Structures are given as C-alpha cells and as structure tokens.
Amino acid sequence: MGMPERNSRAIGRRFWRLCGRGGILAGAMTTDAILVLTTCADEAQAESLATALVDQRLAACVSRLPGLRSWYRWEGRMAREDEVLLLIKSRERHYTALEATILELHAYEVPEILAFSVAAGLPAYLAWLTDQLEAPAAQPGTFT
C-alpha cells in the first residue's frame, strides 16, 4: 500500500520549496575538493600507492576498502577479480600530478582512475584537506 496521494503531493511541495532555497546544500561551503577512485590488485599495491600519494601531498587522505570484486571485459574476455578500492581525497589543482603518480606506480596496464567533484562538505574537513595538501612535507613515509 502506497502513500495517499494527498500526502505525497504535500511532501513533494516541501521538497521543491527546500530546493528553491538551496535545499540540503544551502549554506554549505563550496569547494575545489575532488574524490578520486582507483582499484588495486592487492593490499600491498594499495598500501604502496596510498603512502606515496599522501607522502607527496597529492592526497590529504586515502581510504582503503578491501573485499571488492569487479567484473569486466578485458581483451575480449570476461574477467572477475578481487580488488582493493582506494578513495583518494584531493583538490582539482593536484589532479594531473595525482593521475601521473597513479599511472607510474600502478600495476595495471589501464588502471581505473575516476575523479568526482565534491559539491559541498563540512567546512572544517575541507579546511583540513587544504592544509594537508599545502603544508610542508613531513618525514617521508612516517605515519603515526
């Protein structure tokens, strides 16, 4: 049983009123932040790539999601692989160098590299992200 038509119209009108005022993103900080996705063949490659990107200040943060299974067609054949997904948080101005570093270090002939613009975000997080990409480099490869 669905929602009565009268209630659904009222909810729809409220939704569009919110959108007219900027909706969910009203007052949110605009940003040049990007989220870049890439998949790695294994944990070792994911660790190496994440470390290099953060160490070179091309990424403020890299999150690793293991347990991914990808289905795709490669060289005319169906393939299925277990992979590790990296969520790379950066800024648009770093994308070219970030992509070049992934291409240099990645084991795949044609790695998945997809970048998405971030529409909005928590101002404190976006400020932190910017600070991490602009600050002078710490000791290479040292993590707490």
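Laboratory data are not the source of any read-out in this text; all were calculated from the coordinates shown. Bear in mind that the values here come from a model prediction, so they are computed numbers and not experimental data. Using ideal geometry, Cβ is built from the backbone for each residue, glycine included, and neighbour counts are taken over all protein chains shown.
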| said: I need the P(r) histogram for the range 28-131: all alpha carbon pairs, bin width 10 Å from 0 out to the longest distance, whole percents. | reply: 15, 46, 28, 10, 1
| note | Between Thr130 and Thr51, the two model label points (7 Å from Cα along the beta-carbon direction) sit apart by a distance in nm of 3.1 nm
| message | Residues of the range 119-134 with backbone nitrogen within less than 13 Å of a virtual label 7 Å along the Cα-to-Cβ line of Glu104, please, listed as ranges. | response | none
| field | Inter-label distance, nm, simple model (7 Å from Cα along the C-beta direction), Ala115/Asp32 | value | 1.1 nm
| message | If I model a spin label at Arg73 and Asp42 as a point 7 Å from the Cα along the Cα→Cβ vector, what separation in nanometres do I get? | response | 3.0 nm
| What ranking do Arg73, Arg64 get, fewest neighbouring Cβ atoms within 10 angstrom at the top? | Arg73, Arg64
